[in-house]
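Contents: one structure, followed by commentary.
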Amino acid sequence: MQLARIVEKLGGTLVGDGSVEIKGLGSLAEAEAGDISFLANPKYTSAVASTRASAVLLARDWKGECPCAAVYVENPDRAFAEAALLLSPPPVGFVPGIHPTAVIAPDAKLGEGVTVGPHVVIQPGAVVGDRSVLVANCYVGHEAVIGCDCRLYAHVSIRERCVLGNRVIIHDGTVVGSDGFGYTPDKHGVWHKVLQLGIVEIGDDVEIGANAAIDRARFGKTRIGNGVKIDNLVQVAHNVQIGDHAVMASQVGISGSTRIGRHVQLGGQAGLAGHLHVGDGAVVGAQAGVTKDVEAGSFVSGYPAMDHRKATKAHAHLMRLPELKERIKALEALVEALQQRGDKA
Amino acid sequence: MQLARIVEKLGGTLVGDGSVEIKGLGSLAEAEAGDISFLANPKYTSAVASTRASAVLLARDWKGECPCAAVYVENPDRAFAEAALLLSPPPVGFVPGIHPTAVIAPDAKLGEGVTVGPHVVIQPGAVVGDRSVLVANCYVGHEAVIGCDCRLYAHVSIRERCVLGNRVIIHDGTVVGSDGFGYTPDKHGVWHKVLQLGIVEIGDDVEIGANAAIDRARFGKTRIGNGVKIDNLVQVAHNVQIGDHAVMASQVGISGSTRIGRHVQLGGQAGLAGHLHVGDGAVVGAQAGVTKDVEAGSFVSGYPAMDHRKATKAHAHLMRLPELKERIKALEALVEALQQRGDKA
Amino acid sequence: MQLARIVEKLGGTLVGDGSVEIKGLGSLAEAEAGDISFLANPKYTSAVASTRASAVLLARDWKGECPCAAVYVENPDRAFAEAALLLSPPPVGFVPGIHPTAVIAPDAKLGEGVTVGPHVVIQPGAVVGDRSVLVANCYVGHEAVIGCDCRLYAHVSIRERCVLGNRVIIHDGTVVGSDGFGYTPDKHGVWHKVLQLGIVEIGDDVEIGANAAIDRARFGKTRIGNGVKIDNLVQVAHNVQIGDHAVMASQVGISGSTRIGRHVQLGGQAGLAGHLHVGDGAVVGAQAGVTKDVEAGSFVSGYPAMDHRKATKAHAHLMRLPELKERIKALEALVEALQQRGDKA
């Protein structure tokens, strides 16, 4: 698409050659000739001069040099997203209907306009709401309920009796409703399985990434609130409760019965012990190890997790520990010398 | 079910209205009207007063107030589990037999009463023992052997020649027998694959969670002992040996050739370096980074993992490092002043 | 196979009974009667005396006692690998051809000698190169491109429009091209999905372990270079760029837009924040938490990651923090006493 036509649609001010043909998109560092790029994060300011892009979207107040066509817009990030839509192929479509290789129990209930792809299995008593799409090779267990307008990508498992709200998106390979990790030891240290009789209940507008695992409750429900976003490879143990609009990055692990408040944010690889409460709006840093309750609105990090500013300061000092030790050693020598001088005096 | 009838079956002492209809179960915090709850962990004592449950199972010696019907029993935890069985729907059943969409090699051997669900693939030379259930979309590789009374949930892969004992349960998406991570670099730093010629051998009564990965040995066996319990998303590298009745929580990672003793417990997200030995009965704390052998019966935590009490003390001090630094600074000033005073004297 | 025949093929010097029948292989600790073992890592020197193996491969200059037949060779590690090939069953073979249960879009293009196993799904517009093997239950999305001589094990998902080079191996359950984790909050803290319009592009000779997740780019490409090796359960976020011949161990997590240089090595469970640059040849230790750029050729570890030697020293001191605190306390008392003495003087 010609640059001039893109600018026409985005509504910015073009400085440079509008006849150049734009074929793709990329960050300032990765873009090549024929690509359009953008500057939104000030961290990348210096990358403008060296970009190989054919055009760059810049803020209206940007003063620097641009080695190619410049397009001045209100919000370069949003404009880039719009340009991406113009330049990207349309999203992949799935034709509604039941693929003949799908295996669907006679008493399962499918809503209107449902898409059931190849090799999907739907067990007895399961329900799939209107317009939901099960892409391929998915498993929907006995009496599981999937809401309307959901999308399950390939190899997703929704185990028996679990319940999904509306507009839930689950990426490939994720498991909802595997048994919680519960055993009691006998006097020989042999572990005996504790039946996991509960379910997982997922609210509306939830998205879960690839290869995550959400365990069913020991009894009652493991509950994922409305609008929650869960990244790839996350572990949610039995009886965990996640409040509305919480988000958690990849490889987070939440132990059993911990309650996560509304609008909480958990950084990548953070781990939370069991039976804790993380208050509304709290933020947990990446790789943090949370061993006790977290107050609403606070920001904790480190292991064991503590106030983020304290943790940052403590870790900065950690690096200087060898130096501190030397200072203590020097002080000990000085004090020893002072004592001896005093004793002589 | 009426509360009186539940109490009749559990054998406790009821104080309150036995005619109330109990429909579900929940923790003290989550239970709603119509639910029965319980108090076992003293941590939740204060939650009794504010529960919305219609009945609570309490220890016989409990003295507090209860805002609803109270049922006094020997062991509230066990009684709650029994109540859960009474109130839960029966476990899901799979009708024995071979689903017509399963693809089974002609020379594969299936025992009596085996269930092979839809879209399961069983390769040549594989064996499945009596009464084992392969739920759906499972993959059983060439010459793999699965014992009796096993259950493989959807999307489980058992790769070629791996061997499972009896009564093994594997949850959805777990992979047994993927290649170990072995490469040798040439002088240009290009990595060349080292063939992974061994297998995985799993003992009896093992349970493995969802989306875990157990690698086959370089040669010989990666071995999981009897009664071992492995949680979701755990990584077991090639040639690892896990002793009987060891348990490991979610997202644990064990590097190549490390040997885990009997009855060892590994906390969530713990990581173990390769070629180590963890002695029988040792406990490794959550998120610990184990870089050397762990003695039998010891409890280690932290990074690098050390004696748990030492680690806890060290980490507690870590938070006070900035304060310690200030104290050193103050001492230095004082000693400097003392020296000057001494010099003058 | 008789030991003498193995020695004949490997070319070493045999001291002991060559007529013993060798049936298997194992490490010095695990080998049993009938097995051959080897000593390459000096750490295991003491294990020779107690091995139950029937034969051990030893370096030519080895001087110790051997309780069984000894075979002296140039390189015991390599000789053992050769012995493993002699003693192992041949690799599993897949007969080329399209399994009748595979569901392949009419306009998908399959090269010569392609193997498409049972229950594989190939969507419209996809391409599979010559001699590639899709073992079973794999999913290849719309317009995805798979090169020549690739192998995808069971339950692998290659999502729409992603591109794989030649000789790529992907183990069971891994997902390539799931949506990146991108949302923007509105003023109510409700998260709105940012469309992920890009793809994943994977170079030649890449191997990816089981149950890993590689996210598609927000726009443009998440790029995995040539010869890269990725272990099980690794997370690669959107727009990450991985240089040629980089390797990363299990459970590593790389956040969005981070660029990993050529020949970089990432240890198990290491986590990298977003928008960072890790220079060529850098090494990141296991469990490290990388929060800023890493220089080419450097070795960092710990949290937050710093120079490895500094980190090791700092962590060693961490364990001695309680002792340091005691020393500060003692100094404070001494200085206080000195001051009082001075005041009196």
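Values in this text are rule-based calculations from the coordinates and carry no lab data. As the structure is a prediction and not an experimental result, all values here were calculated from the model. Heads up, the Cβs are rebuilt from the backbone with ideal geometry, glycines too, and the neighbour counts pull from every protein chain shown.
Inter-copy label distances at B:Trp62, shortest first and taken from points set 7 Å along Cα to Cβ: 6.4, 6.5 nm. For C:Leu266, nonlocal amide neighbours, meaning residues 5 or more places apart or on other chains whose placed amide H falls under 5 Å from its own, are C:Val247, C:Met248, C:Ala249, C:Val284. Sorted from shortest, what are the nm distances separating the label point of A:Thr45 from equivalent points in the other copies, each placed 7 Å from Cα along Cα to C-beta? Shortest to longest, the spacings are 6.0, 6.0 nm. Computed from the Kirkwood radius of its Cα pairs, the Stokes-Einstein diffusion coefficient for the protein assembly as shown at 25 °C and 0.890 mPa s stands at 80 µm²/s.
With all pairs of different C-alpha atoms in the average, the Kirkwood value for the hydrodynamic radius of the stretch B:1-83 is 12.1 Å. For the protein assembly as shown, the antiparallel share of DSSP beta bridges with both residues in that region comes to about 10%.
Counting only aspartates and glutamates at least 8 places from C:Lys63 when in the same chain, those with an alpha carbon closer than 15 Å to its own are C:Glu74. Computed from backbone phi with θ = phi - 60° and the Karplus coefficients 6.51, -1.76 and 1.60, the 3J(HN,Hα) list for the stretch C:102-111 is 5, 10, 10, 4, x, 9, 5, 10, 10, x Hz; x is used for glycine and proline. Largest first, the three principal axis extents of the alpha carbons in the stretch C:67-209 are 75, 42, 23 Å in whole numbers. Our compactness index for the stretch A:134-228, the C-alpha radius of gyration over the empirical 2.2 N^0.38 Å, is 1.16.
Taking the Cα centre of each part, how many Å lie between the stretch C:30-53 and the stretch A:45-107? When both Cα centres are located, 58 Å separates them.
When you filter the trypsin sites (Lys or Arg not before Pro) in the stretch A:18-121 for DSSP loop state and at most 11 other Cβ atoms inside 10 Å of their Cβ, you are left with A:Arg60, A:Lys63.
A simple packing score, the average count of other Cβ atoms within 10 Å per residue, orders the peptides A:272-278, B:8-14 as A:272-278, B:8-14, with the highest score first. Placing pseudo-labels 7 Å out from each Cα toward the beta carbon at A:Arg60 and A:Glu74 gives an inter-label distance of 0.8 nm. The loop-placed GluC sites (Glu not before Pro) in the stretch A:247-329, going by DSSP, that have at most 16 neighbouring Cβ atoms within 10 Å of their Cβ come out as A:Glu295.
The alpha carbon radius of gyration of the stretch C:77-121, expressed as a multiple of 2.2 N^0.38 Å, is 1.83. Residue-normalised convex hull volume from the C-alpha trace of the stretch B:220-323: 80 Å³ per residue. Each peptide in C:232-238, C:90-96 gets a packing score, the mean of other Cβ atoms within 10 Å over its residues, and the list from highest to lowest is C:232-238, C:90-96. Once the Cα-Cα distance is subtracted from the 0.36 nm per residue extended length, the B:Glu326 to B:Phe94 segment shows a gain of 76.8 nm. Across the stretch B:236-278, the fraction of Cα-Cα pairs farther apart than 13 Å, rounded to a whole number, is 46%. Here the stretch A:168-282 is treated as a sphere whose radius is the Kirkwood value from Cα pairs; by Stokes-Einstein at 10 °C and 1.306 mPa s it diffuses with a coefficient of 114 µm²/s. In terms of its C-alpha gyration tensor, chain C comes out oblate, because a/c is 1.5 or above while a/b does not outweigh b/c.
Both radii are taken from the alpha-carbon atoms of the stretch B:18-59; with Rh as the Kirkwood radius, Rg/Rh is 0.95.
Of the two radii for the stretch A:286-345, the radius of gyration is 1.35 times the Kirkwood radius, both from the alpha carbons; that is the Rg over Rh value.
Note on C:Lys229: lysines with a C-alpha under 23 Å away, same-chain residues under 8 apart excluded, are B:Lys187, B:Lys193, B:Lys221, C:Lys221. Rounded to whole Å, the principal axis extents of the Cα atoms in the stretch B:37-143 read 67, 21, 21, largest first.
Between A:Glu8 and A:Val190, the modelled labels are 7.9 nm apart [label points 7 Å from Cα along Cα→Cβ]. Using a cutoff of 8 angstrom between alpha carbon atoms and counting only pairs six or more residues apart, the relative contact order for chain B works out to 6 percent. Among the residues of A:259-268, the average count of other protein chain beta-carbon atoms within 10 Å of the residue beta-carbon is 3. Per residue, the convex hull spanned by the alpha carbons of the stretch A:265-318 comes to 61 Å³. Checking every one of the trypsin sites (Lys or Arg not before Pro) in the stretch B:244-306 against DSSP loop status and a limit of 15 other Cβ atoms within 10 Å picks out B:Lys292. Based on Cα contacts under 8 Å between residues 6+ apart, the stretch C:68-201 shows a relative contact order of 14 percent. For the peptides B:296-309, A:198-211, the ranking by packing is A:198-211, B:296-309, with the highest mean count of neighbouring Cβ atoms within 10 Å listed first. Inter-copy label distances at A:Asn75, using a point 7 Å along Cα-to-Cβ, come to 5.9, 5.9 nm with the shortest given first. Near B:Gly113, the amide H atoms lying under 5 Å from its own belong to B:Arg131; only residues 5 or more places off or on other chains count, and H is placed 1.01 Å from N.
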